[in-house]
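Colleague: One structure follows; several queries about it will come next.
Coordinate-derived values only; no laboratory data. Bear in mind the structure is a predicted one, so any value in this text is a computation, not a measurement. For neighbour counting, all protein chains shown are included, and Cβ atoms are generated from backbone atoms with ideal geometry for every residue, glycine included.
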Amino acid sequence: MGEDKKEKKKKKKEKTEEDAPAEEAPAAEEAPAAPKKKSGNVFALFNQSQIQEFKEAFTMMDQNRDGIICEEDLAAIYQQVGTEPDAKQLKSMIAESSDKLNFTHFLTLFGENVAGTDPENRLRDAFAMFDEKATGKMEEAYIKDLLTNVGDPFSKDEIKQVWKEAPIEGGMLDYLKFVAIIKRGKEDE
């Protein structure tokens, strides 16, 4: 009977060892796919030396060393350079982060600026300004007209390039999906 228990333990141990590599393999296969996301992993947007520089800057700004940049931290930075900070401006700066301004959010803000796109909600709001019926969709012809006649006009080639990625069905651009594509890439649709 004692041998039966030992045998069961041995088989159980062997089974666990066999299962472990199989579980690790998919994770290893998924790892290279992560950088394809444009903003899913903010650390993928920068190389190691850039991240280190951002970390040093964050640490300098985090005057009270609590891991979060707050209005008081920003006020202290302003005062160090001989400027009296405006309370409204400090609140506005902190409000740019959707949550507490920890290092990850700090890096995300820089990542969005470096990537050259606004946050998702700002992009959605910009499209919504032209969506009179608030449907989340707009006519393709209307969007083309806006792109060619308002602001910095797009060329025909630029419009072709945009339309390659744009989710257009039945002559309607789904701008909610389009914003997701702009921010996260097509694989997240």
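Colleague: Once both labels are modelled 7 Å past Cα along the beta-carbon direction, what's the N121-K164 spacing in nm?
Modeller: Inter-label distance under the simple model: 3.3 nm.
Colleague: Then there's this: Please list, in chain and number order, the residues 5+ apart from M172 or on another chain whose amide H is under 5 Å from its amide H, with Hs placed from the backbone.
Modeller: Under 5 Å from the amide H of M172 lie the amide H atoms of E140, each far enough along the sequence or on another chain.
Colleague: I need the shape label for the stretch 120-188. Rule: rounded when a/c is under 1.5, else prolate if a/b > b/c, else oblate, with a, b, c from the alpha carbon gyration tensor. Before the final figure, lay out each step's value.
Modeller: Numbers: a/c = 1.39, a/b = 1.12, b/c = 1.24.
Here the stretch 120-188 falls in the rounded category.
Colleague: With Rg and the Kirkwood Rh both taken from Cα atoms, where does Rg over Rh land for the stretch 46-115?
Modeller: Rounded to two decimals, Rg/Rh equals 0.97.
Colleague: Something else now. Using packing as a proxy for protection, rank 52-61, 67-76, 84-93 so that the peptide with the highest average count of other Cβ atoms within 10 Å comes first.
Modeller: On the way: 52-61: 13.1, 67-76: 16.6, 84-93: 11.5.
Top of the packing list down: 67-76, 52-61, 84-93.
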